[in-house]
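Below you'll find the structure, written out as structure tokens, and then a few comments.
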Amino acid sequence: MEITAQTAKELRLTEEEFELIKQKLGRTPNFTELCSFSAMWSEHCSYKNSIKWLKTLPREGGRMLVAAGEENAGLMDMGNGYGVVFKIESHNHPSAIEPFQGAATGVGGIQRDIFTMGARPIASLNSLRFGNLKDKKTQRLLAGVVHGIGHYGNCFGVPTVGGEVYFEDCYHTNPLVNAMSVGIVKVGKTISATAEGIGNPVFFVGSATGKDGIGGASFASANITEESTEELPAVQVGDPFQEKKLLEACLEVIDTGAVVGMQDMGAAGIICSTAEMSAKGGVGMRIDLDKVPTRQQNMKAWELLLSESQERMLIVVEKGKEEAVLKVFEKWDLSASNIGEVTGDGLLKFYMHGELEAEIPAYELVLGGGAPQYTREYKEPAYLEKIKAFDANSIKDIDAADLKGVAEQIIQIPNIASKRWVYVQYDSMVGAANTSTNAPSDAAVILAKGTGKALTVTVDCNSRYVHAEPYTGGMIAVAEAARNIVCSGGEPLGVTNCLNFGNPYDPEVYYQFVKAVTGMGDACRKFNTPVTGGNVSFYNQNPDGPVYPTPTIGMVGVIDEFTNRMTMDYKEAGDVIVLIGEQQDDIASSEYLHKVKGVEYSPAPHFDIDEEFGVQKFVASIIKDKLVKSAHDISEGGLLVTLLEKGFNRNLGFEVKADSDIRTDAYWFGEAQSRVVVTVSKDKAEELQHKAAAAGIPATILGSVSNGSIKVNGTDWGSIEAWKEKYDTAIEKIISAN
Amino acid sequence: MKFGVVVFPGSNCDRDMQDALQYDLNKEVIMLWHKEKDLSMFSTEDCIVLPGGFSYGDYLRCGAIARFSPMMQSVIDFANRGGKVLGVCNGFQILCESHLLPGVLLQNAHQQFVCKNIYMKNGDGRALKIPVAHGEGRFYADEKTLYELEENDQVIFRYCDEKGTVNAGSNPNGAIRSIAGISNRAGNVWGMMPHPERATSAALGNQDGLEVFKILELYGTVAAEKQELATAL
């Protein structure tokens, strides 16, 4: 067939890109080669429209052991000779079309990124976004995604310890499914995704290759339209049992000392793993595609190169040590095939039936090599005018008599209510290391067995704040993650991010991207939490428009002494409830304003990064001093939701009074940042206030913990059990109502 | 008394069981690979544990393939000689498939996987808080089998609420007569859906699992209960 610019266009390459490919090869590519470029230069693999701004993030420093983007996942020093490996990745597009397999393979993919580095995954998290929960389509997507995550994670045997679920109309067509995994490895025992040593054999291990997932990377690099369902073959199918065996076999094979480099096959399958490993090692590979085990007959070269069949790895083995490798995979009943060797010419050469099917310099395919990098234009979105025009005075404050009713409404908003319906479907306890099951905290606290330490992990992003003010919203996402870690007694170590945005060719969308990334970067510098890596997902857009800009932050912290772990719940009646940080006359972008008052456009809530930093530093110090018995930050739903959530675990109530001249709704439901509610025993309340005064941090006594009854401003609000019942069952009621 | 923990390729609670037995119960543990057959290092006073997980993927009926593994042949023989065998979750499913225990484990009544703390009790004992995590844990047997199980005191655990009351609301999977665990007639083979190994450490904030091992007389003295946080870490 003749290869033209039109062929390139059909493969989602632009005319300019086609010219560039011809220039780089010095000839017109054949179809297989063009397919390879199409996959490797897709947004998903090449970051061509984002890398310029990603480079502005703090990508080294702190306790980082490898620079961002160098390996499959971030690696940080957690002390005692151990490293923590973590990464978050999106699987939005497949999940929109086939929620069960889409989400399942998202979980599988991120686990491989962790164990391909030689680390054993110990915790999974996820961040999910859907449309209105009352909508039948949303319920189908939610059920499918949750089932898929559970199906894969539960069998694979890594506990799902945390996450977030939001429901907003903008995600109706484009749900977001972001999966994160965290693993542990001995420092110095990691394996690099590199190919070295001319003549070393290249092994293909794990599942056989089929036609599933062909073009997945480029599929994920386009808007979702009505025709997208026709791309169903672009969705992969997962087999968690196979992956569990692959995990154990890969960790065992590393111990043989025979492994030179290893990389999992995710997006763009064989072509991506061979190209990236070769480019990194400055070598080439000669690959015999006939030797790749297949599960379908008559697969063509381009299909083999692009297939995204799951549970596969590429391993470069030290020549002469092949037997040791084969033995391990035989033990685990996994296939391992020698499919080629490392060469010195920097070329990827793929053969089939003795014919050379493709010959491409590995360097030209990859990010940081020949892949294009674009500077995109951006301009302030028109809707921001509406946000700036918001006037809180136009919103009538709530009357004292209505306060309880509004509170009942707010704790049953799906974004705020318990996500019990979701998380009971995940095995959150396998590994016997998740301490948060019986002792809840703002970020999950996981024992890192064998290291003498615990890790605390969280995912956070309030995308309405980012939509309202991309720069501030980006900062808040990082700040909230750090606050959750600090409130759990941890020291924030580093960040992995999943940047979910609309179409980057839309200047207004790109403005959101640029500003949000800038805000994140500034916040990460402030909290000394470098960005270790992550993933960009553009094109979360449909004919009705883009999703809210959603830069999901995954953060990992370390707890050196487990006894410094902090939990969120009230411990004892009579304890004093203290607010650290300042109440603000601010209802902007709150769930209250958006869902109860129906206001779509308002600024991000009050946020000042220095104030935030001061509050976090102070909270960390009083936890370390063992002064407080609980700590829980104020987030969606405001102060009242925080007070209630602190009571649910032990069925303890509270008695509080508003002592302020700010708006009633702002006092109880405002979402101003940098506020944490702690409890102290009565005899230590004074000490806490002294310390706060000395540190220049506001600390206000709100009231005290009760045996189970709730009293607000002197009015009886009933029992904590009754509130818990509403909070726990709100989502279940909506789902079963249909 | 020592323990053997069988490792199937898809076992994922094998290490948790090993940790609980070694660190929290101070027992000697030997890990047993499913392709092996040798149990000669165990006497019938010892206990073989089939841990939770997805033995062979469990895409067919859970435990249906594991039953035919080489190690299971030896375990079946060991049990028939009077050796102690404990199956937890997937291990319970395997014991039923192997006919070492009566009944079957069906898909949960609400057709969803469930992972949470539940309460269960042995006879009139106190309610124990123990985690469950399964999609197919609804115990079922015919009337005749149920009659025999109850007549011979083979129902070792029933789901109950925090106060020890057995009722429909506290049954996490719709198991018939709220059955969470049973033994064989001879009393040397036990199966249960809840995971006691996930509730044996102070760091996890729940040690009710130790009570389970005591009830099965697999624990020994109460003195061993004292444990340092450091062991779990």
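Bear in mind that the values in this text are calculations on the coordinates, not laboratory data. This is a predicted model, so every value here is computed, not measured. Positions of Cβ are generated from backbone atoms using ideal geometry, with glycine treated the same way; all protein chains shown enter the neighbour counts.
Annotations for the structure displayed:
- Options A:383, A:558, A:200, ranked by Cα towards positive dipole end of chain A, top entry (Cβ charges): A:558
- Once both labels are positioned 7 Å from their Cα atoms along Cα-to-Cβ, the gap between residue A:420 and residue A:187 label points is 4.4 nm.
- Projecting the Cα atoms of A:666, A:637, A:651 onto the charge dipole of region A:635-687, computed from C-beta unit charges around the Cα centre, puts A:651 farthest toward the positive end.
- Here region A:295-419 is assigned +1 on the Cβ of each Lys and Arg and -1 on the Cβ of each Asp and Glu. Its dipole about the Cα centre then comes out at about 220 debye.
- Across A:55/A:280; A:245/A:291; A:136/B:129; A:48/A:186; A:22/A:48; A:449/B:163, pairs whose alpha-carbon gap is larger than 26 Å: A:136/B:129; A:48/A:186; A:449/B:163
- Counting neighbouring Cβ atoms within 10 Å and putting the fewest first, the residues A:436, A:181 line up as A:436, A:181.
- At most 14 other Cβ within 10 Å, DSSP loop - trypsin sites (Lys or Arg not before Pro), region B:1-81: B:35, B:81
- Set against the 2.2 N^0.38 Å expectation for a compact globular protein, region A:1-154 has a Cα radius of gyration ratio of 1.33.
- Whole-angstrom gap from region A:50-112 to region A:593-610, using each part's C-alpha centre: 30 Å
- Cα-based equivalent ellipsoid of region B:140-191: semi-axis lengths in Å, sorted from largest, via gyration tensor: 20, 12, 9
- Contact order normalised by residue count of region B:3-232, Cα under 8 Å, 6+ apart, percent: 19 percent
- Among the listed pairs A:327/B:35; A:244/A:300; A:386/A:597; A:87/A:515; A:453/A:624, those whose Cα-Cα separation exceeds 18 Å are A:244/A:300; A:87/A:515.
- Descending by average beta-carbon neighbour count within 10 Å, the peptides A:375-384, A:53-62, A:614-623 line up as A:614-623, A:53-62, A:375-384, the highest first.
- Rg and Dmax of region B:3-232, based on Cα coordinates, read 16.2, 49 Å.
- Enclosing the Cα atoms of the protein assembly as shown in their convex hull gives a volume equal to 158 cubic angstrom per residue.
- Cβ-based exposure ranking for B:39, B:21, B:60, in which fewest neighbours within 10 Å come first: B:60, B:39, B:21
- Once the Cβ-Cβ distance of residue B:35 and residue B:165 is raised to the sixth power relative to R0 = 35 Å, the FRET efficiency obtained is 0.15.
- For the segment B:200-207, counting C-beta atoms of other chains within 10 Å of every residue's C-beta and taking the mean gives 5.
- Only helices enter this figure: runs of n ≥ 4 DSSP H residues, each worth -39500 (n - 2.57), summed and divided by the residues of the protein assembly as shown, yield -9000 deg cm²/dmol at 222 nm to the nearest 500.
- In this Cβ point-charge picture (+1 for Lys and Arg, -1 for Asp and Glu), chain B has a dipole of about 260 debye about its Cα centre.
- Inter-part distance where region B:75-120 and region A:282-338 are each reduced to a Cα centre, Å: 38 Å
- Distances between placed amide hydrogens fall under 5 Å for residue A:706 paired with A:574, A:653, A:654, A:655, all partners being 5 or more residues away or on another chain.
- Average Cα contact separation per residue, chain A, under 8 Å, 6 or more apart, as relative contact order %: 15 percent
- Value of relative contact order over region A:101-153, rounded to a whole percent, pairs C-alpha under 8 Å and six or more apart: 62 percent
- Label-point gap, in nm, between residue A:394 and residue A:19 - each point 7 angstrom along Cα→Cβ: 4.9 nm
- Among B:48, B:113, B:10 - extreme Cα towards positive end, dipole of chain B, charges at beta-carbon: B:113
- Cα centroid separation - region A:394-462 against region A:181-195, whole Å: 31 Å
- Region A:336-436 gives an Rg/Rh value of 1.31, both radii derived from C-alpha positions and Rh following Kirkwood.
- Considering only region B:1-106, percent of DSSP beta bridges that pair antiparallel, nearest 5: 5 percent
- Here A:134, B:121, A:211, A:646 are placed in order of increasing Cβ neighbour count within 10 Å, fewest first, which gives A:134, A:211, B:121, A:646.
- Here chain A is treated with +1 on each Lys and Arg Cβ and -1 on each Asp and Glu Cβ, and its dipole about the Cα centre works out to around 1200 debye.
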